[in-house]
Amino acid sequence: MDWQGQKLAEQMMQIMLVAFAVVAFLTGYVMESFRMMMLVYACGVVLTTLITVPNWPFFNRHPLKWLDPSVAEKYPKPQPQEPVVLKKKPTKK
Amino acid sequence: MHSFGYRANALVTFAVTILAIMCTMASFSDNFNSPSPTARVQVLSINRFQKQIHGNDEVTMTLNISMDLQSLFTWNTKQVFVFVAAEYETPKNSLNQISLWDGIIPSKENAKFSIHTSNKYRFIDQGSNLRGKEFNLTLHWHVMPKTGKMSADKIVMTGYRLPVDYR
């Protein structure tokens, strides 16, 4: 699952559970049946689990594009000497 | 949220938290119910009224108990426990309570009924104070909800009097 997919999965999970909870509570209250509230909510939790927990293909639409090793070699890593100069500036002020 | 286990864990945690909130709301919704129960108890006859060997008074009576507790039931009510208690005052104790009959009402459909019965539990005084004693019959009930706090209330019925002589 890629980064976008993880964000999507978490948001879907939270929104679906809250929505099912609201529906379940209203159904139970209108029908005066505690059992019905529990059943609706249980179905909602199972459905949410099936949708958001497995690694479905639509959670992998934004794969990370790593640079090819040959491209990376053309741009050498910056040397860790410059920060020493930068650190002195704040102390002068 | 990067693995199956983390997603499952997050989902179950959130689902149970919401479940707790739902149960709290269901419990809170009971406050909108304002019950108006009615009850009537008749003492049809005093069958036996004796002094036991050890000196305690014992009464056996036939009761007709009718009640309508349907308004106590909401969608969050599991069952209601009811009992009829004889309550009277003696020189030693300001309140004596003796349970004469009890019952468990499992549903709203069974909450309106009338029952003809002799006292289920023995009506024995600690002493011999019952001759000519005026007493109350009180219907107590305990509402047991599916979620939330148990509540109790009662209806006091006054004006019952035991005979002056043993029989």
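The values are calculated or read from the model by the stated rules, or taken from the named source; none is laboratory data. Everything numeric here is computed off the predicted structure, so don't read it as measured data. With ideal geometry, Cβ positions are generated from the backbone for all residues, glycine too; neighbour counts draw on all protein chains shown.
Applying the criterion of being over 18 Å from A:Thr27 (Cα atoms) and more than 10 Å from chain A (Cβ to nearest Cβ) to the residues of region B:10-32, the residue that is modelled with the highest pLDDT is B:Thr13. Suppose the filter is buried (at least 19 other Cβ atoms within 10 Å of the Cβ) and either of a type in the set (Val, Ile, Thr) or in contact with a Phe, Trp or Tyr (Cβ under 7 Å, 6 or more places away or on another chain) (or both); does B:Val84 pass it? Considered against the rule, which asks whether it is buried (at least 19 other Cβ atoms within 10 Å of the Cβ) and either of a type in the set (Val, Ile, Thr) or in contact with a Phe, Trp or Tyr (Cβ under 7 Å, 6 or more places away or on another chain) (or both), B:Val84 comes out as yes. The helices (runs of 4 or more DSSP H) found entirely in region A:1-88 that carry 2 or more residues being closer than 19 Å to B:Asn9 by Cα are A:3-31, A:34-52. Which count do you get for residues in region B:1-24 that are without any contact (Cβ under 8 Å) to a residue 60 or more places away in the chain and either surrounded by 17 or more Cβ atoms within 10 Å (Cβ to Cβ) or among the hydroxyl-bearing types (Ser, Thr, Tyr) (or both)? Qualifying residue count for the region: 13.
Condition test on B:Ile98, is it surrounded by 13 or more Cβ atoms within 10 Å (Cβ to Cβ), over 18 Å from B:Met157 (Cβ atoms) and at pLDDT 90 or above? In short, no.
Please work out if A:Ala19 is facing another protein chain (nearest Cβ under 7 Å) and either of a type in the set (A, V, I, L, M) or within 19 Å of B:Ala26 (Cα to Cα) (or both). No, not satisfied.
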